[in-house]
Amino acid sequence: MDRCAMAYQYRKEGYNCAQAVAASFADLTGLTPETMMAAAKGFGGGVGGSFQELCGAVSGAVLVLGMLDPDVTETDRAGRKRVYPKAKALRDRFEETFGHIHCGDLRAARPGATDKTPAAVRLGVTAHCDIMVVTAVELLEALLNEEAD
């Protein structure tokens, strides 16, 4: 199963946006999907269901970026220098796709599946948060693939 389809399946099972995104990359982190879901649990709904903060799908993807760079020193300046630009690039791409990055703004705007969200279109995803999840996975995969090239 591809990662977008896997994240969509997690959403259908009732996991929040952050959990669905994070768990779909568990194999790359060396952690179990359950561990990734536990780590992402509080990020759903714009952090704890407040709908005011960063979209949970983006938060889950940023969590993955951090887990893919697990070496931590006392201050971890080098690690932050590696991860921050990737996190910003991901956030910027998500905002370019949907016009917003905050959960509440996205919920108000209700962007649907378009040519900017090919995985959502391919999977026939129509529910708002599911589109955010599938697209966050798609954007993170693209970012990781570019980095590998």
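Inter-part distance, the range 5-40 to the range 94-122, computed on C-alpha centroids, equals 20 Å.
Find the relative contact order for the range 35-149 and round it to a whole percent, using C-alpha pairs within less than 8 Å whose residues are 6+ positions apart. For the range 35-149, the relative contact order is 25 percent. Suppose we flag GluC sites (Glu not before Pro) only when DSSP calls them loop and at most 15 other Cβ atoms lie within 10 Å. Which is the longest uninterrupted stretch of the chain? Between exposed loop sites, the widest span is 75-149. Once the C-beta distance of VAL121 and ALA142 is scaled by a Förster radius of 22 Å, the resulting FRET efficiency is 0.90 to the nearest 0.05. In deg cm²/dmol, rounded to 500, what helix-only [θ] at 222 nm does the chain give when every DSSP H run of at least 4 residues adds -39500 (n - 2.57) and the total is split over its residues? Helices in the chain give a 222 nm mean residue ellipticity of -19500 deg cm²/dmol. Note on the range 68-149: Rg/Rh from C-alpha atoms, Kirkwood Rh, equals 1.06. The residues of the chain have, on average, 51 Å² of accessible surface per residue, using a 1.4 Å probe with all protein chains present.
Between ASP130, ASP69, ASP105, the GNM of the chain built on Cα springs shorter than 10 angstrom shows ASP69 fluctuating the most.
Checking the Cα-Cα distances for LYS41/LYS81; LYS12/LYS88; LYS12/LYS116; LYS41/LYS116; LYS12/LYS81 against a 24 Å cut-off, the pairs over it are LYS41/LYS81; LYS12/LYS88; LYS41/LYS116; LYS12/LYS81. Expressed as a whole percent, how much of the Cα-Cα distance distribution for the range 27-107 exceeds 14 Å? Distances greater than 14 Å cover 65 percent of the Cα pairs.
Pull out a ≥ b ≥ c, the square roots of the eigenvalues of the alpha-carbon gyration tensor of the chain, then state rounded if a/c is under 1.5, prolate if not and a/b is larger than b/c, and oblate in the remaining case. Cα axes put the chain in the rounded bin.
The values are calculated or read from the model by the stated rules, or taken from the named source; none is laboratory data. From a predicted model like this one, the values you see are computed outputs, not experimental measurements. A quick note on method: Cβ atoms are made from the backbone with ideal geometry, for glycine too, and the neighbour counts reach across all protein chains shown. SASA here: full protein model, heavy atoms, side chains in, ligands and nucleic acids out. Shrake-Rupley method; radii C 1.70, N 1.55, O 1.52, S 1.80 Å.
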